[in-house]
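Novice: Handing you a structure now.
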Amino acid sequence: MNAFGVSTGTELPPLDIALDRTMIVAAAIASQDFEDVHHDPGKARERGTPDIFLSINSTNGLLNRYVTDWAGPGSRITATSLRLGVPAFPGDTLRFTGTVGEAAPGEVTLSITGSNARGAHVTATVTVAPTAEPDTGARRGETT
Amino acid sequence: MAAESLEARLAAFVGIEAEPPRTARYAVNEAMIRNWVEAHDDANPVYVDRAAAEETGRPGIVCPPAMISTWVMAGYRRHREIHRMRAEGVVEDFAYSRLSRLLDEAGYTSVVATNVDQTYPRDVRPGDRVTAHITIEAISGVKNTALGQGRFLTLRKRYHDADGELLADERFRLLRFKPGGGAEDDEEREGRA
């Protein structure tokens, strides 16, 4: 039995995330990233992009969300490898799609793409495993 | 001649420590985790709800894996100081600062991150004190990219807790590029910051 009871080729349900300026700024600041390209449109233009854009750490955070939305709270991401393509700007909708690649007994590796209207913003592989000790009633102190 | 000299000067940075080890200014904590998961609209309860986290076999809430670098960020005040010094041409006495200055002088004044590869040996939890050791692993030759002419830098970052246990092992790749398409020669860009 594979982790999560899935087999290679299983598709994850897509997730659409509408990006706006406030979200891009909030996510950058939540990661303590004060680079102007993530909050100052004028500076972003000076630096060669038409607008502020989503930070790589925020993209990584959205990947976390997409993966555990599917795998559930009782899962743990053990590895992520992501490559950015086109930038993600305010007004974009990022559509995340994913496919189960390797489905080993203890973990699965997912191939994920987050795309906007201009193409792939991020392509990634994420490995996720069930947590070692799933629910055993420990929540109410029934075990020591 | 200038280009050869730049190549040699860049090569000297490969394999060395980028800066002194970065220790987080504060322990991993619930408040910053909550701010993060709200900003990313992440509904996974293990980041904010102790009971839900315990139900998954964890001792308590955990930190989103992608948040690992957040803990060792320099903070707003330090960020402003770094940019002020960069604008004034002040170079701090560590390798990454000198490398950054060299790239600025060569016209590669813009930066965009391109890749992150991370492995996470264990959950990061409130109370962990994170330290990052950062080395300059690679500097590419000049590449023509969609953003313009640039050079890729690869940084290796190893994050440990206070006991030296590995929390995350990362390769971070970024592009330093010449804004505006990169059609000009190095000389035409000099002085721009």
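The values are calculated or read from the model by the stated rules, or taken from the named source; none is laboratory data. None of the values given here were measured: they were computed from a predicted structure. Reconstructed Cβ throughout: ideal geometry from the backbone, glycine too, with neighbour counts over all protein chains shown.
Novice: Go through region A:51-72 and count every residue that is touching a helix residue (DSSP H, G or I) at 6+ places or on another chain (Cβ under 9 Å) and either modelled with pLDDT under 95 or within 26 Å of B:Val72 (Cα to Cα) (or both). Lay out the reasoning, then the answer.
Specialist: Taking region A:51-72 first, the residues touching a helix residue (DSSP H, G or I) at 6+ places or on another chain (Cβ under 9 Å) are A:51-55, A:57-65, A:68, A:70-72.
Then drop every residue that is not either modelled with pLDDT under 95 or within 26 Å of B:Val72 (Cα to Cα) (or both), which leaves A:52-55, A:57-65, A:68.
Residues in region A:51-72 being touching a helix residue (DSSP H, G or I) at 6+ places or on another chain (Cβ under 9 Å) and either modelled with pLDDT under 95 or within 26 Å of B:Val72 (Cα to Cα) (or both): 14 in total.
Novice: For B:Glu19, work out the one condition from (1) more than 7 Å from chain A (Cβ to nearest Cβ); (2) surrounded by 15 or more Cβ atoms within 10 Å (Cβ to Cβ); (3) of a type in the set (D, E, K, R); (4) assigned to a helix (DSSP H, G or I) it doesn't fulfil.
Specialist: It fails just one condition, (4).
Novice: Okay, next question. Going by what's in this entry, would B:Val124 be described as in a loop (DSSP other than H, G, I, E, B), within 12 Å of another protein chain (Cβ to nearest Cβ), in contact (Cβ under 8 Å) with a residue 60 or more places away in the chain and out of contact with any His (no Cβ under 7 Å at 6 or more places or on another chain)?
Specialist: Numbers: in a loop (DSSP other than H, G, I, E, B): yes; within 12 Å of another protein chain (Cβ to nearest Cβ): yes; in contact (Cβ under 8 Å) with a residue 60 or more places away in the chain: yes; out of contact with any His (no Cβ under 7 Å at 6 or more places or on another chain): yes.
For B:Val124, the condition - in a loop (DSSP other than H, G, I, E, B), within 12 Å of another protein chain (Cβ to nearest Cβ), in contact (Cβ under 8 Å) with a residue 60 or more places away in the chain and out of contact with any His (no Cβ under 7 Å at 6 or more places or on another chain) - is met.
Novice: Might you let me know whether region A:73-82 holds any residue that is surrounded by fewer than 19 Cβ atoms within 10 Å (Cβ to Cβ) and more than 14 Å from chain B (Cβ to nearest Cβ)?
Specialist: No, there is no match, as no residue in region A:73-82 is surrounded by fewer than 19 Cβ atoms within 10 Å (Cβ to Cβ) and more than 14 Å from chain B (Cβ to nearest Cβ).
Novice: Could you say whether any residue in region A:88-107 is charged (D, E, K, R), buried (at least 22 other Cβ atoms within 10 Å of the Cβ) and in a strand (DSSP E or B)?
Specialist: Taking region A:88-107 first, the residues charged (D, E, K, R) are A:92, A:95, A:102, A:107.
Now drop any that are not buried (at least 22 other Cβ atoms within 10 Å of the Cβ), which leaves A:92.
Pick out the ones that are also in a strand (DSSP E or B) and you get none.
Within region A:88-107, none of the residues are charged (D, E, K, R), buried (at least 22 other Cβ atoms within 10 Å of the Cβ) and in a strand (DSSP E or B).
Novice: Is it fair to say A:Leu62 is buried (at least 20 other Cβ atoms within 10 Å of the Cβ) and either at the interface with chain B (Cβ under 7 Å from one of its Cβ atoms) or part of a helix (DSSP H, G or I) (or both)? Working first, answer last.
Specialist: On the way: buried (at least 20 other Cβ atoms within 10 Å of the Cβ): yes; either at the interface with chain B (Cβ under 7 Å from one of its Cβ atoms) or part of a helix (DSSP H, G or I) (or both): yes.
So A:Leu62 fits the description; yes.
Novice: Among the candidates B:Met85, B:Met32, which residue alone is surrounded by fewer than 16 Cβ atoms within 10 Å (Cβ to Cβ) and either within 12 Å of another protein chain (Cβ to nearest Cβ) or free of Cβ contacts under 8 Å to residues at least 12 places away in the same chain (or both)? First the steps, then the outcome.
Specialist: Working: B:Met32 fails: surrounded by fewer than 16 Cβ atoms within 10 Å (Cβ to Cβ).
So the residue among B:Met85, B:Met32 that is surrounded by fewer than 16 Cβ atoms within 10 Å (Cβ to Cβ) and either within 12 Å of another protein chain (Cβ to nearest Cβ) or free of Cβ contacts under 8 Å to residues at least 12 places away in the same chain (or both) is B:Met85.
Novice: Hey, another quick one. Search region B:151-173 for residues being of a type in the set (A, V, I, L, M) and either modelled with pLDDT under 95 or assigned to a strand (DSSP E or B) (or both), and hand back the single one that is surrounded by the fewest Cβ atoms within 10 Å (Cβ to Cβ).
Specialist: Checked region B:151-173; the qualifying residue surrounded by the fewest Cβ atoms within 10 Å (Cβ to Cβ) is B:Leu166.
Novice: Please specify each residue of region B:57-82 satisfying the condition of being in a loop (DSSP other than H, G, I, E, B), within 7 Å of chain A (Cβ to nearest Cβ) and either modelled with pLDDT under 95 or touching a helix residue (DSSP H, G or I) at 6+ places or on another chain (Cβ under 6 Å) (or both). Give the derivation first.
Specialist: Start the filter on region B:57-82 by keeping residues that are in a loop (DSSP other than H, G, I, E, B), which leaves B:57-64, B:73-75.
Okay, now just the ones that are also within 7 Å of chain A (Cβ to nearest Cβ), so B:57-58, B:64, B:73, B:75.
Residue satisfying the conditions is B:Pro64 alone.
Novice: Does at least one position in region A:18-34 carry a residue that is touching a Pro at 6+ places or on another chain (Cβ under 8 Å), within 19 Å of B:Asp41 (Cα to Cα) and of a type outside the set (A, V, I, L, M)?
Specialist: Yes, there is a match, as at least one residue in region A:18-34 is touching a Pro at 6+ places or on another chain (Cβ under 8 Å), within 19 Å of B:Asp41 (Cα to Cα) and of a type outside the set (A, V, I, L, M).
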